[in-house]
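J.: Encoded as structure tokens, here's the structure I'll be asking about.
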Amino acid sequence: MPAVRGDGMRGLAVFISDIRNCKSKEAEIKRINKELANIRSKFKGDKTLDGYQKKKYVCKLLFIFLLGHDIDFGQIEAVNLLSSNKYTEKQIGYLFISVLISGNSELIQLIVQSIKNDLASRNPVHVSLALQCIANIGSKDMAEAFGQEIPKLLVSGDTLDVVKQSAALCLLRLFRTDPSVIPSGEWTSRIVHLLNDQHMGVVTAAASLIDALVKKNPEEYKGCISLAVSRLSRIVTSSYTDFQDYTYYFVPAPWLSVKLLRLLQNYPPPEDPGVRGRLSECLETILNKAQEPPKSKKIQHSNAKNAVLFEAISLIIHNDSEPNLLVRACNQLGQFLSHRETNLRYLALESMCILATSEFSHEAVKKHQETVINALKTERDVSVRQRAVDLLYAMCDKSNAEEIVLEMLAYLETADYSIREEMVLKVAILAEKYATDYKWYVDVILNLIRLAGDYVSEEVWYRVIQIVINRDDVQGYAAKTVFEALQAQACHENMVKVGGYILGEFGNLIAGDARSSPAVQLQLLHSKFHLCSSMTRALLLSTYVKFVNLFPEIKSHVEEIFVADSNLRSADAELQQRASEYLALSKLTSLDVLATVLEEMPPFPEKESSGLLNLLKKKRPGRVIENPDRLDEHVKKEPRETNGTSGLTLASNTEQEGGSADLLGLGVPSAGNGNGPTTNGAGAVTNNIQKFYCKNNGVLYENDIIQIGVKTECRSNLARLALFYGNKTNHPFMNFQPNVSASPALSLAILLQVKQVDSTVEAGAQFQQMVNVECVNDFDEQPDLNLVYNYNGAPQTVNIKLPISINKFIEPTEMNGEAFFSRWKNLSLPAQESQKIFKAAHPMEATDSTKAKLIGYGFQLLENIDPNPDNYVCAGIIHTRSLQIGCLLRLEPNKQAQIYRLTTRSSREAVSQHISAVLCQQF
Amino acid sequence: MIGGLFCYNHKGEVLISRVFRDDIGRNAVDAFRVNIIHARQQVRSPVTNIARTSFFHIKRSNLWLAAVTKQNVNATMVFEFLLKVVEVMQNYFGKISEENVKNNFVLIYELLDEIVDFGYPQNTDTGVLKTFITQQGVKSVTKEEQAAITSQVTGQIGWRREGIKYRRNELFLDVMEYVNLLMSPQGQVLSAHVAGKILMKSYLSGMPECKFGINDKIAMDSKGKPAEESKTKSAIAIDDCQFHQCVKLSKFESEHAISFIPPDGENELMRYRTTKDISLPFRVIPLVREVGRAKLEVKVVVKSNFKPSLLAQKIEIRIPTPLNTSGVQLICMKGKAKYKASENAIVWKIKRMGGMKESQISAEIELLATDTKKKWTRPPISMNFEVPFAPSGFKVRYLKVFEPKLNYSDHDVIKWVRYIGRSGLYETRC
């Protein structure tokens, strides 16, 4: 390289310093414009530029691009640079291309050719540059163009190690864009054997590649297990002096170890006992090493060491087969729990959460309960505390539930607001799951409401009530406890709700005590009444009316409350209604009726508190560590001991989907109630379009997810359809788009006017859409309803017809026999008549239903005018905007042959035919 | 109510910071710097809301001037105030620049204290301010002088002090107009308006009462002198106008007469806008021909369209070039033309040009092939000039001075009137 010019590119340096010295944005833009114009004139000029100049200008363009300006030229020059033999020029060319050239550029062919040349080059630096460029662009085109060559390069014997390294990583990049780039079969074993390579760099790069390949196709790459294990054991057992370049702060090849350990987590524990033994040995060695005193005080040393250790522990947890390793891992983590380093404590807690789910180490984890609880109390970092809560939740079982719940309750008082709601749910779930004594359960939940009432969601207190109602033995205790709880000066609204409900049901159980006599109970509840929201007030009103039944002696007090203006004339319609109805109920009805109406609530259907669990999952998607269901085993050992009578230990998860809203049918319109998507027959779809010829209202269409109802009102040539869309699921419908359309022919005959609707239908909700129809002319088709929406992420479509047919515009006409037959004769042209003879589909004796159908169709049934009393004779006028079409009909049954003869006459041929075609399917 | 006023240099360093109200914290200074001066994208809106605090800013050369408030203020009032601050500063120390601001910051704080009180703008009239804030340091003021200043500033005619005496009573009027135009390539006027202002320099003794007459259509009609009207030039329709505070608006409302006691020295008497019957001083005729993908031929003809006796000056025509221009060859008959790469435009300058003349430039632009499919948007050709007449047709009909107390009459006053027409945004699409 000539010394004068050097590598410095003075022009570039001057340009950059100019830009840096610009005082304002405008000045900068001016400078850039000037430079761009200069470069353009240079590129356009007749004089050919040498490599140095090209490199300089391409560099400037790159710099301008990185400043945020668009660059739309210079690509050719950059591509030219690729064919240079000088490293710096080639490098700049590749840099420009990987930064600036988009996949669909016209130059891609040229570039691909240049890269091909470089790949075939003998100079390893050129090959590496080419590989880098491929990986940086990493497009599908690149994958197609080089999918053949790179694997060859990777496994070929005479490629240098550095190149192999780049090739492995490049291949990984291409594999991520296009998994088909690596052909299965021939290459598999050769790629896997890269793990045996001499060069650690190659092994590290290959480990990443193999990890990605294994994730795609575990079976094919199974061979890598033993290789990985032996490689791992070589690293682990070696002294740190063995790998000169690959020892990081006295830890031998930490990155490679971590990658290998991760690779092994893709497979179950190795089956071959030899391999298995070696792996355990390795893991043990890693655990042993953790005990050794650190070789350096530097943070990097401990970081690298711990990285390997944590990855090893995850592998141990993943394998979940060696109890002693699990226990050792657990002990190791236990040490970290009290480590000075916050990150270590966090990681230890996180790993322990997973360990707690393994049956082998569960006991071992429990040993650290003290420490974890301590962490909860003393830890300064909120995220660590959160992990501690997670771990407590995960390690909880029958033996320690009481203690853990107690600790969590204690912590709740000081807990961060952000995690309180989650904690409340966890406490509620644990208390319910491991409750042996329901008194304890009730205590816990009431405590929960007392301590963190704001964070107790509806479902939590629904659940308490549900359990109390189902369990006779706790009812008295519950009533007593809530009564005491309510005596506090300030108690949370949720407490009032629970108290109101429970006293309303079981207040009589504690009424014997003079301290909690009926009057006192009523007074206590009513003292909270004014502070509550209207929903709670409504609940309390129900409680009061239940008191009327339970304690007739305080009836007058209760009635006073109902009569109070604030209730009987409440602005809230619900309160007003309840007050007036309850008042009437207590005043008018006899005791018997009262007792029947206000009877104790029947037991709720037994189910697991899946509602709460779902709620918890919803709160932290992907982050919920399961509390392992060891209860299942417990139940298996003592079959059906508790099941049946207990609402809590019900083990089978039959009605998981039941949703949370229907835990207690407390007047909340339930989404999944009985006819939810799971209980309903799979894929049952009802489409009732045929029935709508003879009726106006009803369910038009129904499947698992959605129900469409129709209500039709007609007046002369106008009709109005109310379409009701009901969401039967627990998920909202998104992008809900009902589209009503008519075929071209039909749109001439009727005018449709459709109201717009919201694009979202909430879970369990129903709403209506109005469709106005005007009949212009007679028609025989029906408009289409095309419904598109997203349910649970999946697009759904429903295509049905709307029940609008010509008969909706028939006005029934009354006339006597004479008039009928004279008109009948007037319409005697062959085209005006349509006759059909058909077999009866329904019993012919049911004349009432036949009549109902004819009337429902729109006709006036003219009785006693036909000589044959069995015959049905009908008349009607079809109203359209342009004209009125008279329409007469005779239906003659032949009971012996079980056939009908249907004759329709009208002034228009198409109408007669349409009516008879439709009606012949109805009888 | 303005909460505070900050002045930054182009780097965002604070030069002047004055907080008038407690609701503006120190962090507001940084908020503006971070969110507006150093914003990733250029901030276009002059009003920005950051954390319920509104920032109103203007930029002068490389300085940012920002007013801050937490209240719901009248935004136009704030901008009017900011412009006034700039005007006051210019009157005191000339060009606004970082250096000038740094050299005069004591003066600026003094001025700010005078023109704003607890966030409410006060008297911003330079003439008045100069009577008691001088650049020569603190002037010792006698009791009488102080009393005179107080009575003047708080009195009915706050803009003029009594006892002014000149040997020669002179009055200068400059009618300054800015013509704005957007024209289609075919020569169709898409939009045009004139924004004009009347600058007055008065050197008159005593408390003279002046009366000012213009050829405003309404004023002329209300006079009801059809005979005279036919003789003079036709009147013009003024769309809207606004006056200096010295003009007695009640008289303008009732009689359409502009009468006032002028402030001493230089002042803007009136601002107005017209949109009808504008005589456009120049016509630009562009001709663009694309020769293949690599070449563009541009020919632009400029025609002057006013009396041949008049002479336009400082003519500059700016022809935008495509973004992929790699070379330009220019031939022009008159003036000098140059391709300015930093601005992506050809700039053609002509020093002087008489009325009813025509000149042309032709350019060959070489283009470089690019990979973008986007077509060049062809921005309009813009033009700058100065002509010695009012393109709106505005005329000063008379200006009479009455000073009842002192013994000089209207005839003794030397009056000068000058018309200047300048280009605003004068563009022709090509």
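The values are calculated or read from the model by the stated rules, or taken from the named source; none is laboratory data. Note that the coordinates shown come from a computational prediction; the quantities given were computed from them, not determined experimentally. Quick reminder, even Gly has a Cβ in these numbers, built from the backbone with ideal geometry, and neighbours come from all protein chains shown. In case anyone asks, the SASA skips ligands and DNA or RNA and just uses the protein heavy atoms, side chains included. Shrake-Rupley method; radii C 1.70, N 1.55, O 1.52, S 1.80 Å.
J.: Could you list all residues from the stretch A:894-923 that are part of a strand (DSSP E or B) and either among the charged types (D, E, K, R) or surrounded by 20 or more Cβ atoms within 10 Å (Cβ to Cβ) (or both)?
T.: Scanning the stretch A:894-923 gives A:900, A:901, A:902, A:904, A:905, A:906.
J.: Filter the stretch A:209-220 down to residues that are touching a residue at least 12 places away in the same chain (Cβ under 8 Å) and surrounded by fewer than 18 Cβ atoms within 10 Å (Cβ to Cβ) and give me whichever is farthest from the chain's Cα centre (by Cα).
T.: Result: A:220.
J.: Same structure again: Could you check the stretch A:669-707 and list, in sequence order, the residues that are under 26 Å from residue A:841 (Cβ atoms), modelled with pLDDT under 80 and among the charged types (D, E, K, R)?
T.: A:691, A:695
J.: Additional query: Please go through the stretch A:840-876 and pick out each residue that is closer than 23 Å to residue A:697 by Cβ and either free of Cβ contacts under 8 Å to residues at least 12 places away in the same chain or assigned to a strand (DSSP E or B) (or both).
T.: Passing the criteria: A:846, A:848, A:849, A:860, A:861, A:874, A:876.
J.: I'd like the full set of residues that are farther than 18 Å from residue A:193 by Cβ and of a type in the set (Lys, Arg), limited to the stretch A:159-175.
T.: Hit for the stretch A:159-175 is A:173, nothing else.
J.: So, in the stretch B:1-35, how many residues would count as being assigned to a helix (DSSP H, G or I) and closer than 13 Å to residue B:68 by Cα?
T.: 7
J.: Only one residue in B:102, B:59 is surrounded by fewer than 18 Cβ atoms within 10 Å (Cβ to Cβ), touching a residue at least 40 places away in the same chain (Cβ under 8 Å) and of a type in the set (Lys, Arg), so which one is that?
T.: Of the residues listed, the single one that is surrounded by fewer than 18 Cβ atoms within 10 Å (Cβ to Cβ), touching a residue at least 40 places away in the same chain (Cβ under 8 Å) and of a type in the set (Lys, Arg) is B:102.
J.: Give me the helices (runs of 4 or more DSSP H) completely within the stretch A:1-114, filtered to those with at least 2 residues that are more than 14 Å from chain B (Cβ to nearest Cβ) and aromatic (Phe, Trp, Tyr), ordered by residue number.
T.: By residue number, A:51-66, A:87-100.
J.: Given the structure, is residue A:192 open to solvent by less than 70 Å² (accessible area, probe 1.4 Å), touching a Gly at 6+ places or on another chain (Cβ under 9 Å) and part of a helix (DSSP H, G or I)?
T.: yes
J.: Pick from B:34, B:73, B:47: which is farther than 24 Å from residue B:98 by Cα and aliphatic (A, V, I, L, M)?
T.: When all the criteria are applied, what remains is B:73.
J.: Look through the stretch B:180-201, keep the residues that are in contact with a Ser or Thr (Cβ under 9 Å, 6 or more places away or on another chain) and polar (S, T, N, Q), and return whichever of them is most open to solvent (accessible area, probe 1.4 Å).
T.: Residue satisfying both the conditions and the ranking: B:191.
J.: Restricting attention to the stretch B:363-406, which residues are away from chain A (no Cβ under 14 Å), of a type in the set (D, E, K, R) and assigned to a strand (DSSP E or B)?
T.: Once the filter is applied, which keeps residues that are away from chain A (no Cβ under 14 Å), of a type in the set (D, E, K, R) and assigned to a strand (DSSP E or B), the stretch B:363-406 yields B:386, B:397, B:400.
J.: Has the stretch B:34-49 got at least one residue that is open to solvent by 20 Å² or more (accessible area, probe 1.4 Å), within 14 Å of chain A (Cβ to nearest Cβ) and among the β-branched types (Val, Ile, Thr)?
T.: yes
J.: Residue check: is residue B:326 surrounded by 21 or more Cβ atoms within 10 Å (Cβ to Cβ) and either within 14 Å of another protein chain (Cβ to nearest Cβ) or farther than 30 Å from residue B:193 by Cβ (or both)?
T.: For residue B:326, the condition - surrounded by 21 or more Cβ atoms within 10 Å (Cβ to Cβ) and either within 14 Å of another protein chain (Cβ to nearest Cβ) or farther than 30 Å from residue B:193 by Cβ (or both) - is met.
J.: Quick check on this structure: which one of A:758, A:778 is assigned to a loop (DSSP other than H, G, I, E, B) and either within 21 Å of residue A:698 (Cβ to Cβ) or more than 41 Å from the chain's Cα centre (by Cα) (or both)?
T.: When all the criteria are applied, what remains is A:778.
J.: Polar (S, T, N, Q), assigned to a loop (DSSP other than H, G, I, E, B) and open to solvent by 30 Å² or more (accessible area, probe 1.4 Å), is that true of residue A:226?
T.: no
J.: Could you go through the stretch A:521-531 and let me know if any residue there is at pLDDT 85 or above and of a type in the set (Ser, Thr, Tyr).
T.: yes
J.: Residue A:665 - would you say it is modelled with pLDDT under 80, loosely packed, with under 15 Cβ neighbours inside 10 Å and among the small types (Gly, Ala, Ser)?
T.: Yes: the conditions hold for residue A:665.
J.: Could you grab me the full set of residues in the stretch A:728-748 that are within 21 Å of residue A:770 (Cβ to Cβ) and free of Cβ contacts under 8 Å to residues at least 24 places away in the same chain?
T.: A:747
J.: Restricting the stretch A:710-727 to residues that are closer than 13 Å to residue A:771 by Cα and of a type in the set (Gly, Ala, Ser), which is surrounded by the most Cβ atoms within 10 Å (Cβ to Cβ)?
T.: A:719
Condition check ((1) within 43 Å of the chain's Cα centre (by Cα); (2) at pLDDT below 85) across all residues:
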site	(1), (2)
A:240	no, yes
A:245	no, yes
A:255	yes, no
A:258	yes, no
A:265	yes, no
A:274	no, no
A:281	yes, no
A:288	no, no
A:302	yes, no
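J.: How many of the residues in the stretch B:335-360 are within 14 Å of another protein chain (Cβ to nearest Cβ) and open to solvent by 100 Å² or more (accessible area, probe 1.4 Å)?
T.: 1
J.: As an exercise: evaluate residue A:480 against (1) in a helix (DSSP H, G or I); (2) open to solvent by less than 50 Å² (accessible area, probe 1.4 Å) and give the number of the one condition it does not meet.
T.: (2)
J.: Shifting gears a bit: Tell me whether the stretch A:454-472 contains one or more residues that are over 39 Å from the mean Cα position of the chain (by Cα), surrounded by fewer than 19 Cβ atoms within 10 Å (Cβ to Cβ) and closer than 25 Å to residue A:549 by Cβ.
T.: No, every residue in the stretch A:454-472 fails to be over 39 Å from the mean Cα position of the chain (by Cα), surrounded by fewer than 19 Cβ atoms within 10 Å (Cβ to Cβ) and closer than 25 Å to residue A:549 by Cβ.
J.: A further question on this structure: Looking only at the stretch A:342-389, filter to residues that are open to solvent by 50 Å² or more (accessible area, probe 1.4 Å) and under 27 Å from the mean Cα position of the chain (by Cα); which one of those is farthest from residue A:322 (Cα to Cα)?
T.: Only one residue tops the list, namely A:350.
J.: Of all residues in the stretch B:41-100, which are β-branched (Val, Ile, Thr), over 13 Å from residue B:8 (Cα atoms) and outside any strand (DSSP E or B)?
T.: Selection gives B:43, B:73, B:76, B:78, B:85, B:86, B:88.
J.: Taking the condition of a type in the set (A, V, I, L, M), part of a strand (DSSP E or B) and either in contact with a Cys (Cβ under 9 Å, 6 or more places away or on another chain) or within 13 Å of chain A (Cβ to nearest Cβ) (or both), does residue B:331 pass?
T.: So residue B:331 fails the test.
J.: Something else about it: Among the residues of the stretch A:483-540, which ones are within 18 Å of residue A:578 (Cα to Cα) and not in a helix (DSSP H, G or I)?
T.: Passing the criteria: A:530, A:532, A:533.
J.: Also, I was wondering about something else. Working only within the stretch A:807-865, note down all residues that are open to solvent by less than 30 Å² (accessible area, probe 1.4 Å) and of a type in the set (Phe, Trp, Tyr).
T.: A:809, A:820, A:824, A:838, A:857, A:859
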